[in-house]
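**Student:** Quick one: the structure is below, and I'll ask about it shortly.
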Ligand SMILES: Nc1ncnc2c1ncn2[C@@H]1O[C@H](COP(=O)(O)OP(=O)(O)OP(=O)(O)O)[C@@H](O)[C@H]1O
Ligand SMILES: [Mg+2]
């Protein structure tokens with residue numbers, strides 16, 4: 001972690017090692033020098049928050065009035081986003097003054113980096129707040145992390161890649177050079193101190209990294225199984241990854257304690273629920289509709305049981321556009337039709 005002694009910030013101290021990301025830090029730092037709102041986007045568990053915290057620590061000197069991290073994970077309602085920011089800045093309600101105004105007044109003229117972390121479930125509220133603050137406070141910069149873009153004027157998007165995975169042949173040297181394997185081995189060694197990357201284990205470790213696409217959260221979850229299973233057994237059981245990757249740390253947010261939970265927190269599914277509401281509000285849906293599930297969601301039994309809508313469009317190409325196939329049960333059988341809707 002970068003030295004942060006003299007500056008103002010509330011960045012959490014790291015409890016575990018930080019792996020790789022030299023290029024990513026260089027590139028995002030360069031972008032912060034050129035834009036006022038930078039959003040790190042990417043799949044669940046790819047490492048957006050971890051990178052943002054590291055980046056914040058690396059650029060502290062550039063923000064004499066502080067780098068302030070607002071974790072929006074526990075914020076359940078969009079209306080509470082401004083309150084969360086005010087809380088981090090140590091502001092108290094003032095009768096008759098809207099919170100947004102209070103925050104803008106406090107940041108006025110200050111050189112601050114505000115990190116809005118984990119925005120996806122309160123995206124619109126974050127976008128509105130960020131835009132308001134950026135207009136009102138010319139020296140302010142915003143760094144956001146989200147599974148989908150905020151959609152703010154002037155927003156620079158930057159997709160966080162997964163960690164580099166080993167390329168065959170899987171010799172111990174080559175495998176050890178990949179960031180994904182480094183993370184897996186470090187976390188696995190914390191569970192089973194005798195684990196080494198040798199001739200016998202390297203192919204299985206490489207296979208785990210490749211099959212988990214170098215996603216840090218998935219690698220960490222897989223590493224927790226090392227005490228109970230050999231790396232070969234873990235690699236062999238990844239076909240059933242949703243059952244295998246369930247043993248996250250109890251201190252992690254609930255959405256990161258299993259691989260399934262992390263996928264369920266996807267903005268696609270959250271937005272799909274919003275779409276169902278929007279369609280219902282426009283009376284497109286009547287009765288109790290049965291909405292079909294995308295093949296991706298169908299592959300996850302507990303999602304298909306709980307969710308009511310399919311998201312067939314890719315969230316990366318068009319986060320606001322969703323294709324839902326709506327089926328209605330009727331006395332003559334099941335009628336089906338497709339609705340394309342923009343939820344924004
Ligand atoms: N470069 C890294 N080095 C070490 N650990 C990492 C790294 N990147 C991510 N991790 C770990 O992987 C897990 C997931 O990372 P993180 O919470 O940053 O993902 P995220 O993309 O923000 O996920 P979400 O979409 O759920 O918010 C965390 O336990 C984190 O500490
Ligand atoms: Mg995050």
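Laboratory data are not the source of any read-out in this text; all were calculated from the coordinates shown. Computed from a predicted model, the values in this text were never measured in an experiment. Note that we place each Cβ from the backbone using ideal geometry, even for glycine, and neighbour counts take in every protein chain shown.
**Student:** Rg (Å, one decimal) plus Dmax (Å, integer) for the alpha carbons of the stretch 44-107?
**Tutor:** 13.8, 42
**Student:** Rounded to two decimals, what ratio of Rg to Rh does the stretch 1-138 give with C-alpha atoms and a Kirkwood Rh? Mind showing how you got there, number by number?
**Tutor:** Working: Rg = 14.9 Å, Rh = 15.7 Å.
With Rg and the Kirkwood Rh in hand, the quotient comes to 0.95.
**Student:** Here's something else I'd like to know. Give me the extension gain from residue 106 to residue 228: residue separation times 0.36 nm, minus the current Cα-Cα distance, reported in nm with one decimal.
**Tutor:** Numbers: separation 122, 0.36 × 122 = 43.92 nm, distance 5.19 nm.
Here the answer is 38.7 nm.
**Student:** Hey, another quick one. Relative contact order, percent, of the stretch 94-230 when contacts are C-alpha pairs under 8 Å separated by at least 6 residues?
**Tutor:** After rounding, I find 20 percent.
**Student:** While we're here: FRET efficiency for residue 177 and residue 8, Cβ-Cβ distance as r, R0 = 41 Å, nearest 0.05?
**Tutor:** 0.60
**Student:** Here is a further query. Mind jotting down the three principal axis lengths of the stretch 144-187 based on Cα atoms? Whole angstrom, largest first.
**Tutor:** For the stretch 144-187, the Cα extents along the three principal axes come out at 48, 21, 12 Å.
**Student:** Sort the following peptides by mean Cβ neighbour count (other Cβ atoms within 10 Å, averaged over residues), highest first: 119-131, 8-20.
**Tutor:** Most protected by this proxy first, the peptides run 119-131, 8-20.
**Student:** Plugging the Kirkwood radius over Cα pairs into Stokes-Einstein for the stretch 165-224, at a temperature of 10 °C and a viscosity of 1.306 mPa s, what D comes out in µm²/s?
**Tutor:** Working: Rh = 10.9 Å.
So the translational diffusion coefficient is about 146 µm²/s.
**Student:** Using DSSP, restrict attention to beta bridges with both residues in the stretch 43-195 and report what percent are antiparallel, rounded to the nearest 5. Walk me through the numbers on the way to the answer.
**Tutor:** Numbers: 0 of 9 bridges.
In the stretch 43-195, approximately 0 percent of DSSP beta bridges are antiparallel ones.
**Student:** Would the stretch 123-172 count as rounded, prolate or oblate if I go by the C-alpha gyration tensor, calling it rounded below 1.5 in a/c and otherwise prolate when a/b exceeds b/c, oblate otherwise?
**Tutor:** It is prolate, given that a/c is not under 1.5 and a/b is the larger ratio.
**Student:** Kirkwood Rh over Cα pairs of the stretch 64-195 into Stokes-Einstein at 10 °C, 1.306 mPa s: D in µm²/s?
**Tutor:** Taking Rh from Cα pairs, D becomes 92 µm²/s.
**Student:** Using a Förster radius of 51 Å, what is the FRET efficiency between residue 95 and residue 34 based on their Cβ-Cβ separation? Nearest 0.05, please.
**Tutor:** 0.80
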